[in-house]
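Report on the structure given below.
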Amino acid sequence: GSMPSAMKWLDEAAEGGNMQAKLSSKESNTETSGHAIMQGKKTNKETGIELTKNSCAVCGSSHANKQCSVCRQRRYCSKECQGFHWKKGGHKHECRALLQAAEGRARSDRLARD
């Protein structure tokens, strides 16, 4: 039960088409900080590539044409990625905070214009 053997199993299962393993593998290779969440940015630990707010929040795909219907701050390439992020990836807990932050920014923008 070592971490390297677990990652090897995830990689092999993902290559074999196991969606849960694919999502788990991708999620375990992604690092997110509180500041990065608010900026809509994450960094893939393996590649060092910064994922933008237009990338899939789970796998980093640039074909992220779905978004969270509540906060509208996270994008997804598939229902599987969206469901995984909500149930196991932490979005269920961050969604309300992202919505409140977006509303706060909009309120500040309105006050600045008035």
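The values are calculated or read from the model by the stated rules, or taken from the named source; none is laboratory data. Source: prediction; values computed, not measured. A quick note on method: Cβ atoms are made from the backbone with ideal geometry, for glycine too, and the neighbour counts reach across all protein chains shown.
Structural remarks
- Reported count of residues in the range 54-105, each being within 11 Å of the chain's Cα centre (by Cα) and hydroxyl-bearing (Ser, Thr, Tyr), is 3.
- Within the range 90-113, if we keep just the residues that are small (Gly, Ala, Ser) and over 16 Å from Cys56 (Cα atoms), the residue that is surrounded by the fewest Cβ atoms within 10 Å (Cβ to Cβ) turns out to be Ala112.
- Among the residues of the range 75-89, those that are surrounded by 14 or more Cβ atoms within 10 Å (Cβ to Cβ), of a type outside the set (Phe, Trp, Tyr) and modelled with pLDDT of 90 or more comprise Arg75, Cys77, Ser78, Glu80, Cys81, Gln82, Gly83, His85, Lys88.
Matching residues to (1) of a type in the set (A, V, I, L, M); (2) assigned to a loop (DSSP other than H, G, I, E, B); (3) at positive phi; (4) at pLDDT 55 or above:
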site: Trp9; (1), (2), (3), (4): no, no, no, yes
site: Ile37; (1), (2), (3), (4): yes, no, no, no
site: Asn54; (1), (2), (3), (4): no, yes, no, yes
site: Val58; (1), (2), (3), (4): yes, yes, no, yes
site: Glu94; (1), (2), (3), (4): no, no, no, yes
site: Ala97; (1), (2), (3), (4): yes, no, no, yes
site: Arg107; (1), (2), (3), (4): no, no, no, yes
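- Members of the range 51-74 found to be more than 19 Å from Leu99 (Cβ to Cβ), loosely packed, with under 15 Cβ neighbours inside 10 Å and among the hydroxyl-bearing types (Ser, Thr, Tyr), listed by number: Thr52, Ser62
- Tally of residues being in contact (Cβ under 8 Å) with a residue 24 or more places away in the chain and farther than 27 Å from Ala106 by Cα across the range 61-88: 4
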